[in-house]
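Note sheet for the following structure.
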Amino acid sequence: MIIDDQHHIAFVHIPKCAGTTIRQYLQPYDRYKGAYTARVDVHPELGLLDYVHVPLFVLKEHFPEELRLIKQYWSFAVIRDPYKRFASSISQRVKMYGNKNIKDLTERDMTKELELCIEYLSKKSGPRTLLPAEYIHFQRQVDYIYLDSEKLVDCIYSTSQIDKLTADILVRMGKSSLSIKRDKIPEKNKTIVYRNEFYRFLFNLLKPIRGLLVAMVPEEMKSNIKKAVFTDRDVRLGHLFESESVKTFIENYYRDDIALFKAVTGSQ
């Protein structure tokens, strides 16, 4: 969440929905100086809390001033395809709270993580349920848009509408451009994994001397080696998220998110 008093803008940050991109636009104007953009800390009543992603019903109970400003200012949020977001949430949980680097997970490890998350979330399906910090990236998107069945956020954009959102922010700021180079803004936080089990085994075997080997490789070759060894998560593990059991879970658990995404994007 970012509150910009100068331009009367409030960004409600939904987990795994282009937050890194938007933060770079608004961070310099944040009245809270990053307290809600990069912080997992202990709250006196809620315990360990991910302050970056606080749903509206939690703001109502514990952060009334922040909620008041969201209501008063022009507020917006960015949403994402729930199916793609679920896969990204799995990766984020592994990165932040897993026992292994995500690159070191086998297909069996990822399957176990999937099953663990689905089992846990299935028990937390009630309304106004705040997921703990280690599961906050799975919080339903509607929890950041609606409060007590009322749509509180003024404008909703999908992750494919970032250019339109950027233009709207510029209008609100009365600027023609921002002091950020577009090519430095990460459009996608891709998760990279080993291309196959052989490479994972080989690189782990060479771990004691990996630094020395890397230093010996010419710079012009490193990029080609990296492309050969690593690939995007969805290329190697995407089929795990396309299984019927996972799709059925997403369709049920994120039913409202799916309806919202379809309404915003006009998709079927």
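The values are calculated or read from the model by the stated rules, or taken from the named source; none is laboratory data. Because the structure is a prediction, the values reported are computed rather than measured. Here the Cβ positions follow ideal geometry from the backbone for every residue, glycine too, while neighbour counts run over all protein chains shown. Please note that ligands, DNA and RNA were not included when accessible areas were found on the heavy atoms of the full protein model with its side chains. Shrake-Rupley method; radii C 1.70, N 1.55, O 1.52, S 1.80 Å.
Points to keep in mind about this one:
- Annotation: peptides 125-131, 72-78, ranked by per-residue average of other Cβ atoms within 10 Å with the highest first, follow the order 72-78, 125-131.
- Extension gain, Asn101 back to Leu170 (0.36 nm per residue minus Cα-Cα distance, nm): 21.0 nm
- Note on Ser160 and Thr129: their simple-model spin labels are 3.0 nm apart, each label 7 Å out from Cα toward Cβ.
- Largest to smallest in accessible area, the residues Thr20, Thr248 fall in the order Thr248, Thr20 (1.4 Å probe, all protein chains included).
- When the Cα positions of Ser91, Ile118, Ile79 are compared along the charge dipole of the range 77-124, Ile79 comes out farthest toward the positive end, with charges on each C-beta of Lys, Arg, Asp and Glu.
- Listed residues Val40, Val214, Val193, most fluctuating in the chain (Gaussian network, C-alpha, under 10 Å): Val214
- Here the chain is treated with +1 on each Lys and Arg Cβ and -1 on each Asp and Glu Cβ, and its dipole about the Cα centre works out to around 780 debye.
- The charge dipole of the range 41-139, taken about its Cα centre with unit charges on the Cβ atoms of Lys, Arg (+1), Asp and Glu (-1) only, comes to about 300 debye.
- Centre separation in Å (Cα based) which lies between the range 33-82 and the range 87-124: 24 Å
- Restraint check, Lys112/Lys151; Lys103/Lys151; Lys16/Lys227, Cα-Cα greater than 29 Å: Lys112/Lys151; Lys103/Lys151
- Helical mean residue ellipticity (222 nm; -39500 (n - 2.57) per DSSP H run of 4+; nearest 500) of the chain: -14000 deg cm²/dmol
- Peptides 162-173, 3-14, 218-229 ranked from most to least packed by the mean count of surrounding Cβ atoms within 10 Å: 3-14, 162-173, 218-229.
- Accessible area per residue for the range 28-161, computed on protein heavy atoms with a 1.4 Å probe, is 47 Å².
- Accessible surface of the chain, 1.4 Å probe, proportion on carbon and sulfur as whole %: 52 percent
- Pairwise FRET efficiency - Lys84 versus Glu251, Cβ, R0 = 22 Å, nearest 0.05: 0.95
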